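In what follows, a single structure is set out as structure tokens and then discussed.
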Amino acid sequence: DTAVSQTPKYLVTQMGNDKSIKCEQNLGHDTMYWYKQDSKKFLKIMFSYNNKELIINETVPNRFSPKSPDKAHLNLHINSLELGDSAVYFCASSHALGVLQETQYFGPGTRLLVL
Amino acid sequence: AQSVTQLDSQVPVFEEAPVELRCNYSSSVSVYLFWYVQYPNQGLQLLLKYLSGSTLVKGINGFEAEFNKSQTSFHLRKPSVHISDTAEYFCAVSWMDSSYKLIFGSGTRLLVRP
């Protein structure tokens with residue numbers, strides 16, 4: 001019954017590796033997001049997709065590549081991981097883009113630690 | 001640049017005491033305002049939101065917030081807190097002239113002590 005799910009929950013890896021985080025929502029929402037929460041709990045948007053189309057692409061290194069195979073899934077692939085990538089990554093979804101008052105529903109987060 | 005400020009990084013209170021968590025934002029352009037709560041090791045969930053109408057908004061778990069346009073504030077309050085309210089609280093704002101983004105404050109950790 002989980003509305004927004006992410007896998008894996010924890011990810012520990014070495015610098016230079018490539019890793020992916022998966023996100024799925026079963027709410028029938030059109031829009032999905034990736035956020036990064038740093039060690040000081042600051043939460044910042046990275047990407048947003050609406051119906052598989054990239055809408056928001058913040059100033060994120062191009063080592064980060066989101067992929068949306070369908071509107072229920074938004075995966076995040078990270079190449080050449082760096083120490084500074086260590087953070088908690090949250091996936092979220094909302095009913096419709098362009099409707100700023102929509103509530104966003106968040107997944108439980110993926111805790112990435114780069115060694 | 002648009003910004004959301006939560007001045008208090010941590011607010012310790014005793015159980016059953018009232019609490020106010022402060023939130024200010026940078027512009028008086030029309031906004032939508034949100035408070036989200038993050039319990040330990042969990043994702044964020046919506047507490048309440050202001051879209052229009054009455055400036056006093058009631059949310060879940062006994063929380064309420066008041067929109068003050070002249071002071072560009074949206075402070076969160078609860079008259080009597082419980083231990084279970086211990087969590088991180090995030091204020092977030094959507095500006096009606098923004099590109100579909102929700103801007104979050106840096107969060108306030110509410111620590112309720114017995």
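Some observations on this one:
- Label point of B:GLU16 set 7 angstrom out along Cα-Cβ; within the range B:81-114, amide nitrogens under 17 Å from it belong to B:81-85, B:112-114.
- Note on B:ARG113/B:SER30: beta-carbon distance plugged into 1/(1 + (r/R0)^6) with R0 of 45 Å gives a FRET efficiency of 0.70.
- The share of alpha-carbon pairs in the protein assembly as shown lying farther apart than 25 Å comes to 41%.
- Here A:ASN17 and A:ALA96 are evaluated by their C-beta separation; at R0 = 30 Å the FRET efficiency comes out at 0.25.
- By the Cα gyration tensor, chain A has an equivalent ellipsoid whose semi-axes, rounded to whole angstrom, run 23, 14, 13 from largest to smallest.
- Restricting the range B:1-109 to GluC sites (Glu not before Pro) in coil, as DSSP defines it, with at most 12 other Cβ within 10 Å: B:GLU16
- Extension gain (nm, one decimal) between B:GLU66 and B:SER3, 0.36 nm per residue minus Cα-Cα: 20.8 nm
- Charge tally around A:GLU53: other residues with Cβ under 15 Å, Lys/Arg +1 each, Asp/Glu -1 each, net +1.
- Partner lysines for B:LYS49 [C-alpha distance under 29 Å; skip if fewer than 8 residues away on the same chain]: A:LYS9, A:LYS22, A:LYS36, A:LYS40, A:LYS41, A:LYS44, A:LYS52, A:LYS71, B:LYS58, B:LYS69, B:LYS78, B:LYS101
- Here chain A is scanned for GluC sites (Glu not before Pro) in DSSP loops (not H, G, I, E, B) that have at most 16 other Cβ atoms within 10 Å, and the longest stretch holding none of them is A:1-57.
- Size descriptors for chain B, from the alpha-carbon set: Rg then Dmax equal 13.5, 44 Å.
Laboratory data are not the source of any read-out in this text; all were calculated from the coordinates shown. Since we're looking at a predicted model, the values are computed, not measured. Glycine gets a Cβ as well: all are built from the backbone with ideal geometry, and neighbour counts include every protein chain shown.
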